[in-house]
Amino acid sequence: MLSINHLDVRFGEKHLFKDISQRVHAGDRIGLVGVNGAGKSTLLKIMAGVSACDDGVITKSKHFSVGYLPQESSALVSDNTLYQEAESAFDEILALQQEADFLHDQLAEMTDHHSELFTAMIERQGELQHQLEGHDVYTIRARVEKVLLGLGFKQTDMDAPVTSFSGGWVMRLMLAKMLLVSPSLLLLDEPTNHLDLESLTWVEEFFRSCQGAMVIISHDRTFLDKITKTTWELSMGRLSVYKGNYSYYIKEKAERRIIEKGAYDNQQAKIKQTMRFVERFRAKSTKAKQVQSRVKQLEKIDMIELSDDEQQIRFTFPPAPPSGRDVLQIEGLSKSYQGRQIFSDVNLQLQRGDKVAVVGVNGAGKSTLVKIIGGQLEHDAGEIKLGHNVQLSYFGQHQAQELSPTLSALETMALSGADLTITRMRSLLGAFLFRGEEVDKKVAVLSGGEKSRLALAKMIAKPANLMLLDEPTNHLDISSQEVLQEAMAQYDGCIIVVSHNRYFLDSFINKVLLVKDGQVALYEGNVTEYLRKAALEDEGKKSPALDETIASVDASGVEHSRESKKEKRQQEAQERKERGRKLAPWKKKEEEAEKQVASLEVRKEELEALMADPDLYSDEEAWARTSKEYDQCKSHLERWYAQWEEAQEEIEAIEAD
């Protein structure tokens, strides 16, 4: 057990957090959440003993070990191979085993079994056996390889020197060592930052089987929901505890605010009522005793303070300029790097309104593909065609780090390439929490989250109808991610986004592009649906062929005889329930699309009537405004018709099935 006692951290006169007390028990799974700058990483470092606090103390039980994985790490200096470095997590155990083996050989050669030396060696051998119990040293290699392969390393990487791996892969190696050590408490600061979708899924399964306690900082909501059972929120210097995962925390927090507001309003009403009595009867001697009693009541009241909401970014993407139906066409695209073929003969076609998530293991070529489409990188062969009037914007994975450190936030916006007034630039920066004098802050002094927000503000300053984004949620807290998520859902242009954040993607993505083994494959649906299909495909590969199964069942006749009418009814009811579950989202989409189509059709007819009036052409500004709205109306109408048709087709397919 680890105990946090009256923790206090100050920066000058400002308290990062004050008088925090809490405990971590064996087996706890805790998600530590809060906006960027709330002090999450600082708290984790103090719990790990890496940083000191101004006041308070951290205590832990005897034999309660703590492992800490920082968000970023300095370069790992090691002459070891990948396997040797991972195996070093067991150095202490291996040293004990080596000593035990040595003692075993020495004892085998001794003839005087009554000497003091022999007795001492026997006792030491017993101590070593006791220490080695439960460690199963002979399976260490298998365990090391299992974790390394699960985190995305290949068998051929085992003998590669650690120095040959990039920073992201080194962070995976450090996570592997942490998982292999298996301490009593794992403190993990953004452990999913450098993981692709496959490795992330593996880590989730691994964590579920771990016995130790965990405190995890993560901006991946799906990850937190699957792993954590308790949520700690750091906000405005206070630590609040919620007995559930992140989704529970969101719901419970809203309910607490309602109760808190009700209690606050009741208390304020009572205070006002008491104050009215005091003011009215203060001068009356006959009421003096009662007035004094009311005054004492006011002095004893424990005042309820409403929790302040942290500032959140607020923005929407500008309307996408009209474009042709076909937005992007790729034919025969190939790219190699340093003699290695990254992908070849890639063919892809996207249309207006498509929102595509690019997924695949790290190193598969996701970022490379997006960079080539965005004109950031040359390709070896093939052709990329942009549709009529397609205006493209690109947000790179390291866009925030590539901002000029000598420029201020306002100067950075001025170089965005958009024709913006100072007022408009300040307004846009304000939406991303750069307000007042903060617009004059130099990029060099901004935090990682602030740089990411500035890079996003710079990108959306210039209207586009094809957005390419590579890991846009890096360094954004969950609340900021959700604002970006909503903006993308409302955006009426085409999006291609590289991200492993499933919750972020699922609300607006309608297609998934898998980059694997030098090829690409396009799947309909969001990331969760794609993962479900992929899991079923993998399960199908492992299962016996369907015709063999049917043949074996028919041959025995046992399965048919055992199935009762009750079981059949239950199965049919389950099938109806499953069919209803599948139909529900598509029927909802169908109703929404039908509603939007009806509304847009009415507006389109109104605009056509306006445009039929000759007087409209004499007013250039009115004509331009009406014409633009008419084009947008047609564009939206076409998109909603497409969604309506898609929903109807899916409903028909499910019902037919």
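Put +1 on the Cβ of every Lys and Arg and -1 on every Asp and Glu Cβ in the chain; which of SER393, THR231, PHE118 then has its Cα farthest towards the positive end of the dipole?
THR231
Please give the Cα centre distance for segment 232-248 versus segment 252-278, rounded to the nearest Å.
23
Per residue of segment 5-20, in order, report the coupling 6.51 cos²θ - 1.76 cosθ + 1.60 (Karplus, θ = phi - 60°) as ³J(HN,Hα) in whole Hz, putting x for Gly and Pro.
Those phi angles translate into 10, 6, 6, 9, 10, 10, 10, x, 8, 8, 8, 6, 8, 9, 6, 8 Hz.
If the chain between HIS25 and GLU620 were fully stretched, how many nm would it gain, using 0.36 nm times the residue separation less the Cα-Cα distance? Please report the intermediate quantities before stating the final value.
Working: separation 595, 0.36 × 595 = 214.20 nm, distance 7.15 nm.
Full extension from HIS25 to GLU620 adds 207.0 nm.
Provide THR473, THR286 in ascending order of the number of other Cβ atoms located within 10 Å of each residue's Cβ, fewest first. Before the final figure, lay out each step's value.
Details: THR473 22, THR286 7.
Arranged by neighbour count, lowest to highest, THR473, THR286 become THR286, THR473.
Order the peptides 403-410, 583-590, 198-205 from the highest to the lowest mean number of other Cβ atoms within 10 Å of their residues.
Values: 403-410: 16.1, 583-590: 14.6, 198-205: 18.1.
Most protected by this proxy first, the peptides run 198-205, 403-410, 583-590.
How far apart, in nanometres, would the label points at ALA521 and ALA108 be if each is projected 7 angstrom from Cα along the Cα-to-Cβ direction?
Output for this residue pair reads 5.3 nm.
Work out the charge dipole of segment 251-300 with +1 on the Cβ of Lys and Arg and -1 on the Cβ of Asp and Glu about the Cα centre, then indicate which of VAL291, GLN268, ILE258 is farthest towards its positive end.
The listed residue farthest towards the positive side: VAL291.
Taking amide H positions as placed in the peptide plane 1.01 Å from N, state which residues far from ASN501 in sequence (5 or more) or on other chains have amide H under 5 Å from it.
Close amide H contacts, sequence-distant or interchain: none at all.
Taking 0.36 nm per residue of sequence separation and subtracting the Cα-Cα distance, how much length would be gained by fully extending the chain between GLU629 and ILE422, in nm to one decimal? Kindly include the intermediate steps, with their values, before the conclusion.
Details: separation 207, 0.36 × 207 = 74.52 nm, distance 2.72 nm.
Between GLU629 and ILE422, full extension yields 71.8 nm more.
For the chain, what is the mean residue ellipticity at 222 nm derived from helices alone (per DSSP H run of n ≥ 4: -39500 (n - 2.57); sum divided by total residues; nearest 500 deg cm²/dmol)? All intermediate terms of the calculation are to be shown ahead of the outcome.
Details: 21 runs with 317 residues, N = 657.
Taken over the chain, the calculation gives -16000 deg cm²/dmol.
Which value, in debye to the nearest 20, gives the size of the charge dipole of the chain about its Cα centre, when Lys and Arg are +1 and Asp and Glu are -1 at the Cβ?
Numbers: 83 positive and 104 negative charges, 779 e Å.
Value, rounded to 20: 3740 debye.
Apply the Karplus curve 6.51 cos²θ - 1.76 cosθ + 1.60, θ = phi - 60°, to the phi angles in segment 240-257 and return the couplings in whole Hz, x for Gly and Pro.
Once rounded to whole Hz, the list reads 10, 10, 10, 7, x, 7, 5, 4, 5, 4, 4, 5, 5, 4, 4, 5, 4, 5.
Would you order VAL597, VAL346, VAL181 from fewest to most other beta-carbon atoms within 10 Å of each residue's own beta-carbon? Walk me through the numbers before you get to the answer.
Values: VAL597 17, VAL346 24, VAL181 14.
Sorted ascending by nearby Cβ count, the order is VAL181, VAL597, VAL346.
Restricting to Cα pairs below 8 Å that are 6+ residues apart, what does the relative contact order work out to for the chain? Please round to a whole percent.
On the way: 961 pairs, mean separation 79.1, N = 657.
Value for the chain: 12 percent.
Work through the residues other than LYS628 whose Cβ is under 12 Å from its Cβ and net out their charges, Lys, Arg +1 and Asp, Glu -1.
Working: positive: ARG625, LYS634; negative: GLU621, GLU629, ASP631.
Combined, the nearby Lys, Arg, Asp and Glu give -1.
Exactly which GluC sites (Glu not before Pro) in segment 41-148 are in a DSSP loop and have at most 11 other Cβ atoms within 10 Å? Can you show the working numbers first?
Values: sites: GLU72, GLU85, GLU87, GLU92, GLU99, GLU109, GLU116, GLU123, GLU127, GLU133, GLU145; in loops: GLU72, GLU133.
Sites meeting the loop and neighbour criteria: GLU133.
Roughly how large, in nm² to one decimal, is the mean projection of the convex hull of the alpha-carbon atoms in the chain?
Details: hull surface 205.0 nm².
Result: 51.3 nm².
Once you put a point 7 Å from the Cα of ARG282 and another 7 Å from the Cα of ALA612, both along the Cβ direction, what distance in nm separates them?
Going by the 7 Å Cα→Cβ label model, 7.3 nm.
Going by how many other Cβ atoms sit within 10 Å of their own, how do ASP492, ASP105 line up, fewest first?
Numbers: ASP492 15, ASP105 8.
The order, fewest Cβ neighbours first, is ASP105, ASP492.
By the gyration tensor of its Cα atoms, with a ≥ b ≥ c the square roots of the eigenvalues, what is the shape of segment 581-656: rounded for a/c under 1.5, prolate for a/b over b/c, or oblate?
It comes out prolate by the Cα gyration axes.
Measuring from label point to label point, each 7 Å out along Cα→Cβ, what is the LYS588 to LEU117 span in nm?
Placing both labels 7 Å along Cα→Cβ, they lie 7.9 nm apart.
Between THR528 and PHE206, take the C-beta separation as r, use R0 = 22 Å, and let me know the FRET efficiency to the nearest 0.05.
Numbers: r = 20 Å, r/R0 = 0.92.
For THR528 and PHE206, the calculated efficiency is 0.65.
Amide H neighbours of MET214 under 5 Å, counting only residues 5+ apart in sequence or on other chains, H built in-plane at 1.01 Å?
ASP28, ARG29, ILE30, LEU186
Counting other Cβ atoms within 10 Å, keep those with at most 11, restrict to DSSP loop, and tell me which GluC sites (Glu not before Pro) in segment 427-495 are left. Please report the intermediate quantities before stating the final value.
Values: sites: GLU437, GLU438, GLU450, GLU482, GLU486; in loops: none.
Loop-located and lightly packed - none at all.
Provide the per-residue ³J(HN,Hα) series for segment 83-92, in order, calculated from phi with Karplus coefficients 6.51, -1.76, 1.60 and θ = phi - 60°, each as a whole number of Hz, with x at glycine and proline positions.
5, 4, 5, 5, 5, 5, 4, 9, 3, 5
Bear in mind that the values in this text are calculations on the coordinates, not laboratory data. Everything numeric in this text was worked out from a predicted model, so none of it was measured. All Cβ positions, glycine included, derive from the backbone under ideal geometry; neighbour counts span all protein chains shown.
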